[in-house]
Every structure is written in C-alpha cells, then in structure tokens.
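Step one of this worksheet: look at the structure below.
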Protein chains: 2
Amino acid sequence: MAGTDKKRDMIAEGPAIILCEPQLGENIGMVARAMANFGLIDLRLVNPREGWPNEKAVSAASNAHHVIAATRVFDTLEEAIADLTYCFATTARPRDGHKQVRGPVEATAELRGRFGAGEATGILFGREKSGLKNEEIDLADEIVTFPVNPAYASLNIAQAVLLMSYEWMKSGLADPADTAFKGPEITPAPKEFLHGFFDQIEEALSQRNYFRSANKTARMKSNLRAVFTRAQFSVSELDVLRGIIRSLDGFMRKDGKMRAVGDESGDKTDNE
Amino acid sequence: MAGTDKKRDMIAEGPAIILCEPQLGENIGMVARAMANFGLIDLRLVNPREGWPNEKAVSAASNAHHVIAATRVFDTLEEAIADLTYCFATTARPRDGHKQVRGPVEATAELRGRFGAGEATGILFGREKSGLKNEEIDLADEIVTFPVNPAYASLNIAQAVLLMSYEWMKSGLADPADTAFKGPEITPAPKEFLHGFFDQIEEALSQRNYFRSANKTARMKSNLRAVFTRAQFSVSELDVLRGIIRSLDGFMRKDGKMRAVGDESGDKTDNE
C-alpha cells in the first residue's frame, strides 16, 4: 500500500462499539486502535471510570486519532444504544434467559446484513473485571461469545473488540480467502517445461558420470524425475532451477576439472 | 464452565509461535496470554532484546504461567524452527519472491491438517517496529497476512498472535457456529400454542371493549394476530406472554375498576 492516498483507502463505518463502564484509559485506547485496524469508527463509552477525554487512551490509541475524536460518552447504556436497532452483547459466561447465543462469524454476518439494509447496530462490551451485568445483557438482542480454551477463557477487552472488529472486516470480503496483496500465481508448469529441465539436468549429470553404469541409469533417472515431479514446480520456478544447473554446469566446464562422482576427491568439486 | 476441573479442560497443543527479536517484555507477556486463550503452548523467542526471563513479560501474561514456563529462547531463527516441517511468516507488506500468500482462515486450515498428520508447524512474527526481514521470510514456507483497513494496517504483535491463535482454535471446531455455551432452543411454537394465546388475549381485550364495534373487530383482530405472528414466538416465550396477560387481566378483575379503552380516564387504568 506504500504510496497510496491514505484518505482514499480509509474505511470508517459499521457497527458501534459500546464499552460499559471501562476502567482503564489504556484499554479504551487499544480498543480504538483495534477498531481502526478493521475499519470501525463509532466508539461509545458508558461512564468511563477515569473520565473523558483521557490522556492514556490517546497515547494507547497509537494513530487511531479519528476514532478517539469521534468517541462519545453517555451516562447510561440505554442512552448509548437509543438510536440502534440491533445489539449484540459479548460475554464469556452462560446466562439465563431467552437470548440466542452466536459465534463471532455468525454474529458479524448478521450485523453485515443489517448494515447493508441501512440499520444502525452495535456490540456491547463489559467491564475489564466483571464483564456485563445481566440487566445490561437484557438490553441486547442476542449474545455473542468466543470459542476459547475452557481453562483460560478470560479475554482482555481490547482483544475481544479486536476479534469482533476482525470478523466484521472479514464478513465484508467477497471471498474469505482474499488477501490485501497476492503471491505470484503458482500453477504447475506444462509438462514440456519439466521435460526440458530433465533433459538439461540429465545431460549435465551424464557428463559427470552420475549415472555410473548403463544398467543403473534407468532406475536413477526414474528417481530423479520422481523427486522433481512431485514438487509441482511452476514455469518460473523451473527457470530458477535451470539457471542453477546452467551455472553449476558452466563453472565446471570452464574450470576443466570435472571429476566423476565417486572419485575420492569428487565431493569437493563444487567448492573448488 | 464454572466448577469444572480446569486441568481437564486445558488445551495446550498446536503450532509454535516464534517471535523474531521481540523488543518489549510486555508484548511477549500479552502474546503468551493470547496463546493461552486459544489453547496454544509452544512459544519460542529469537534474541529477545530485553533478555529472558523477563519480569514485565510475566506480569503482562496474566495467568498464562504455563506458556511462560514453556517458553524457549534461541540465538537464530534457523535454530528456532529446526524441528518444524512447515512455517508461515506473518507480514502486512507485499514481498518479492515465489511464496504463496494466504489469509488467516486458509493458513490455519493448512496448519490444522498438518497437525492432524503429526507434523510440527510454526508461525513467525517480526519485530514490533519493523516486522520480519526478507531473509527471515525466506525461511518460511508461505506467507500469511490479515485483512485490514488499508489506511491503518499496522497490527500490534500481540494482536497479530491473537488473531492467528483465534483462527487456529476455530479451525478445530467441528462446526464454526459452535459456541462454548448455548442459548435456549428457540423454535417457533406449533400454531395451537399461538392460537391459545390469541384466544386468551382477545378474550381479555374483549372484556374491556378493546374491539369497540362489531364492524371493526375483524380488522383489529387481524392486526393483533399479525403482530404476534411475525415475532415467531416459541412455546416458552408464549408462556411468558400468557403469564403477563393473566396477571394484567387478574389485576383488573380483582380491582373491579375496568374501564373501556377510549374513556377519558382509560389510559390510567393500569397504574391505579
């Protein structure tokens, strides 16, 4: 992305992130950073313990100034979600009641669908120590919970926001295997390229008596071809290999000190 | 999970997490915590700048003592991955070369398959400031990168480890919609339960002259039934609603002050 116009690439949309009585400014800052990483912008705080604005939040937010600048503070959770039509509550603990429980992938798919339909949605996160109270969860439409190690289930609040933000971003990808940049197209070369490589390497090895005796040649060629076939080399990879063989072959011939493999000094040949 | 045996539920397996020259102990601790959250155990450090063991790492690791205790330190990346058969390198920047680039879902599916076949695998993470060097990426088999906001692509190292650990955990779920605990089975009630509710509420409303006149009754019942039909209430939800109607109805009759809706004092009836 180097050199692209940052303003143009900026993503800033999607569900609101609502933190209920967050305790530490540093965590709020890390939440803002996680939101910026995955294109969210709407951060709402209910009664932050250290007040707002908060210096520690700003410094922990790294460069996520646009999220910090847009952050709003509310006295009650009811006010914070007044304009939303659909909310998920995050919790690591089973709760009584009539609410459906979703995993993050299903939950963000639901949010993405509602976003597409123009709805304003949100995700509620609880206090660092104690999470959401039952009466706060009552205000949400559904519950979302993370698949965690049962013996070690407690997620940091910024990590929980990060995972939901990440799944939100993924829910908007046309193809989940899409990546921001691509590796080279690596498809196996048509066989004629492989056969050309076999000709080259077998000729070079033959010059050095690699195949030793006529009755071993077929078996040794078969082994060699099997090794280079299984790797499914692409055309450009075979080009690299041909260059290597050409270089080794050329060096040996220029030097004029070719020795058959198996001679007592043969192993040193390449290093001379 | 309250009350279950923590030792029994502990997950500690999967790919190694290899940090190349991590700068801050605090980040190493947060990496350990993220690994513990998603059941990973094998943390390897190449030349940590602040040395090892590290007090700040221990304190940032929260309760992930088992990961910190198992952490190993190496002088070179080659030594750190010597026993592994397959490595991913994480990077946010396109790199030259022949390597395939995967998203986290594809990458962890690959790792999960190799894990099932008994292979030892790993994921490489670079320095906080500068990531992995090209020659370090050369030692990996493939590249993995995250779908991020192009204008705000820089992930904290602990967040990057968290996302890969989370996807690793998800790759082991039989059904990605699985959650650690379930909400109630909410299926729409068979129609006879809904019709029973209609009978009850319409009878109670009828007593209060809610339907006003015979020529409006059909239309008003139709509207009422439409509202309660669309919500697709379950049997247990209809039980809650029937209890509410029963309570309202009972109160009114005991009190003996029933007034038809539309009377000047009618709106206050419920609050008397």
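The values are calculated or read from the model by the stated rules, or taken from the named source; none is laboratory data. Since the structure is predicted, the reported quantities are computational estimates derived from the model, not experimental observations. Virtual Cβ from ideal backbone geometry, glycine too; neighbours counted across all protein chains shown.
For this structure, a couple of remarks:
- Single condition A:K6 does not satisfy, out of (1) in contact with a Pro (Cβ under 9 Å, 6 or more places away or on another chain); (2) modelled with pLDDT under 95; (3) in the same structural domain as A:I143 (by TED's automatic domain parsing): (3)
- Residue count for the range B:169-182 under the criterion of being closer than 16 Å to A:M164 by Cα and either more than 9 Å from chain A (Cβ to nearest Cβ) or of a type in the set (V, I, T) (or both): the result is 1.
- Note on the range B:96-152: residues that are farther than 16 Å from B:Y166 by Cβ and β-branched (V, I, T) total 4.
- Taken over the range A:161-180, the criterion of being of a type outside the set (A, V, I, L, M, F, W, C) and free of Cβ contacts under 8 Å to residues at least 12 places away in the same chain is satisfied by A:D175, A:P176, A:D178, A:T179.
- Considering A:P53, A:P22, the condition of being crowded, with 16+ Cβ neighbours inside 10 Å, assigned to a loop (DSSP other than H, G, I, E, B) and more than 25 Å from the chain's Cα centre (by Cα) is satisfied by A:P22 alone.
- Filtered by the rule that a residue be small (G, A, S) and touching a helix residue (DSSP H, G or I) at 6+ places or on another chain (Cβ under 7 Å), the range A:44-73 gives A:A57, A:S59, A:A60, A:A61, A:S62, A:A64.
- Only one entry in A:G183, A:G113, A:G118 is free of Cβ contacts under 8 Å to residues at least 40 places away in the same chain, out of contact with any Phe, Trp or Tyr (no Cβ under 8 Å at 6 or more places or on another chain) and on the phi > 0 side of the Ramachandran plot, namely A:G118.
- Selection count, the range B:168-187, where residues are part of a loop (DSSP other than H, G, I, E, B) and either modelled with pLDDT of 95 or more or under 28 Å from B:M10 (Cβ atoms) (or both): 12
- Test set (1) among the charged types (D, E, K, R); (2) at pLDDT 95 or above; (3) touching a helix residue (DSSP H, G or I) at 6+ places or on another chain (Cβ under 9 Å) - A:E13 fails condition number: (2)
- Which numbered condition B:L241 misses (of (1) surrounded by fewer than 15 Cβ atoms within 10 Å (Cβ to Cβ); (2) within 14 Å of another protein chain (Cβ to nearest Cβ); (3) at pLDDT 90 or above): (1)
- Residues (polar (S, T, N, Q) and outside any helix (DSSP H, G or I)) located in the range B:56-84: B:S62, B:N63, B:T71, B:T76
- From the options B:A82, B:A64, B:A117, B:A69, residue that is under 30 Å from A:A32 (Cα atoms) and small (G, A, S): B:A64
- Output for the range A:127-160, where each listed residue is in contact (Cβ under 8 Å) with a residue 60 or more places away in the chain, surrounded by fewer than 22 Cβ atoms within 10 Å (Cβ to Cβ) and of a type in the set (G, A, S): A:A153, A:S154
- Looking across A:E110, A:E106, A:E78, one residue alone is in the same structural domain as A:R49 (by TED's automatic domain parsing) and farther than 30 Å from B:A174 by Cα. It is A:E78.
- The one condition in (1) β-branched (V, I, T); (2) buried (at least 17 other Cβ atoms within 10 Å of the Cβ); (3) touching a residue at least 12 places away in the same chain (Cβ under 8 Å); (4) within 10 Å of chain B (Cβ to nearest Cβ) that A:I201 fails to fulfil: (4)
- Residue list for the range B:127-167, filter: more than 15 Å from B:A107 (Cβ to Cβ), assigned to a helix (DSSP H, G or I) and within 12 Å of chain A (Cβ to nearest Cβ): B:A158, B:Q159
- Inside the range A:25-41, residues that are more than 14 Å from every other protein chain (Cβ to nearest Cβ) and in a loop (DSSP other than H, G, I, E, B) make up a count of 0.
- Contacts under 6 angstrom Cβ, first residue in the range B:67-81 being surrounded by fewer than 17 Cβ atoms within 10 Å (Cβ to Cβ), partner of a type in the set (F, W, Y) and assigned to a loop (DSSP other than H, G, I, E, B), 6 or more apart: B:V73/B:W52
- Qualifying residue in the range B:183-190 (condition: buried (at least 17 other Cβ atoms within 10 Å of the Cβ), within 28 Å of the chain's Cα centre (by Cα) and not assigned by TED's automatic domain parsing to the domain that holds B:V101): yes
- Any pair with Cβ under 6 angstrom, 6 or more apart, that starts in the range A:47-64 at a residue that is under 17 Å from A:I18 (Cβ atoms) and ends at one that is in a loop (DSSP other than H, G, I, E, B) and among the aliphatic types (A, V, I, L, M): none
- Test: residue in the range A:99-113 that is in contact with a Pro (Cβ under 8 Å, 6 or more places away or on another chain), closer than 16 Å to A:V31 by Cβ, of a type in the set (A, V, I, L, M, F, W, C) and surrounded by 13 or more Cβ atoms within 10 Å (Cβ to Cβ): no
- Odd one out for A:G97, checked against (1) on the phi > 0 side of the Ramachandran plot; (2) within 10 Å of another protein chain (Cβ to nearest Cβ); (3) free of Cβ contacts under 8 Å to residues at least 24 places away in the same chain: (3)
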